[in-house]
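Okay, structure first, notes after.
Quick note: the coordinates plus some simple rules give every number you see, no bench work behind them. These figures come from a predicted structure and were not determined experimentally. Don't worry about glycine lacking a Cβ; one is built from the backbone with ideal geometry, like all the others, and counts go over all protein chains shown.
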Amino acid sequence: MRDQLPHWVLNPSLIGGCRSSDKIGLEISLPTEKTMNPNTSNQNTHPSTQFLIGGELLVNRLGYGAMRLTGQPGNFGPYADWEGGKQLLRRAVELGVNFIDTAEAYGPGTNEEIIADALHPYGPDLVIATKGGIHKPAPDNIQADGRPESLRRGVEGSLQRLKRETIDLYQLHRPDPKVPFTESIQALATLQQEGKIRHIGVSNVTLEQLQAAQKITAIASVQNRFSLMDRSHEATLDYATAHNIAFIPYGSLGAHPLRRGAPLAQTEGILAQIAQTHNVNSTQIALAWLLHRAPNILLIPGTTMIAHLEDNVKATTISLSDTELAQLNSL
């Protein structure tokens, strides 16, 4: 039985965000060894389970996007079930999630606050990524603000709310058309030199903008929309992969993946057939496909339900065969 357990269940110190003495027996894993898919005839290698952000921050590739732990509609205001949100965040860490994505604009500010309330003091391996460069005075009023002085205020505010001395990964939320893009990146580079930011990332950028940012400073991550059903940023992903830059897809399952009529809710077709073969749901297959797609993809699916969180983490145990990957790639 022990030989069948995943390596980071056998070695709890590999689970980020908690002391090894605090670990409980977990049934969910990020497999690393080459295995034979029991449901197919062709052999497949599991995707890598971890990635080094900026060459130094080791994270498990299945993270958590905290955006939905905010007031609704519009991700505005504090999350209504504050204690429930804290429980979900703590459960995520118990399951081995050690990469959490948030942003100043979520709330605004309250999303960072609930993370600190739930998890501070943080475990030594927990990596928190946040974003700045957006002003959000109302649920339906989102304004890009990439001015250097605004980014400085944003970084200092995030440091205070997250109760950190340095932000692990700070991402420009979106380019501001009113401010030269390189000016915004240079402002973040200055804050990094001051020790307020450890690594710099960009979000909602074109490949050309990513390359322009690289000419100013090292870029550790790019966060763009990408999923099995939306591959419009594939060229940016491939470039990031070639340059060992973390690619963090948002919208990896869509806003309402299981709503009637949504692609992941279909009960027929290739996706549903593969899910049935593995005795999982289509959302888990969609996440598994992303993990197989490139080794630098870090997933941040969001949810407000612990059961869905656990399902998402279990997606890391799925080994897709070459045939299944080809079928999914054809969608």
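Side notes on the structure shown:
- Scanning the stretch 101-111 for residues that are under 19 Å from L309 (Cβ atoms) and in contact with a helix residue (DSSP H, G or I) (Cβ under 6 Å, 6 or more places away or on another chain) turns up just one, T102.
- Cβ-Cβ contacts under 9 Å between residues 6 or more apart (or on different chains), taken from a first residue in the stretch 84-104 that is without any contact (Cβ under 8 Å) to a residue 40 or more places away in the chain to a second residue that is charged (D, E, K, R) and surrounded by fewer than 24 Cβ atoms within 10 Å (Cβ to Cβ), are listed as K86/D117; L89/D117.
- Among residues of the stretch 214-255, those that are in contact (Cβ under 8 Å) with a residue 60 or more places away in the chain and among the β-branched types (V, I, T), counted: 1
- Applying the condition of being without any contact (Cβ under 8 Å) to a residue 60 or more places away in the chain and assigned to a loop (DSSP other than H, G, I, E, B) to the stretch 105-118 and asking which residue is surrounded by the fewest Cβ atoms within 10 Å (Cβ to Cβ) yields G109.
- Taken over the stretch 150-199, the criterion of being over 29 Å from Y122 (Cα atoms) and part of a helix (DSSP H, G or I) is satisfied by F181, T182, E183, S184, Q186.
- Just one residue in the set S158, S184 is hydroxyl-bearing (S, T, Y), closer than 20 Å to L298 by Cβ and buried (at least 20 other Cβ atoms within 10 Å of the Cβ); that residue is S158.
- Residues that are farther than 11 Å from P249 by Cα and surrounded by fewer than 16 Cβ atoms within 10 Å (Cβ to Cβ) within the stretch 213-232 comprise Q214, K215, A218, S232, listed in sequence order.
- Failed condition for A80, given (1) touching a residue at least 60 places away in the same chain (Cβ under 8 Å); (2) more than 21 Å from G154 (Cβ to Cβ); (3) surrounded by fewer than 22 Cβ atoms within 10 Å (Cβ to Cβ): (1)
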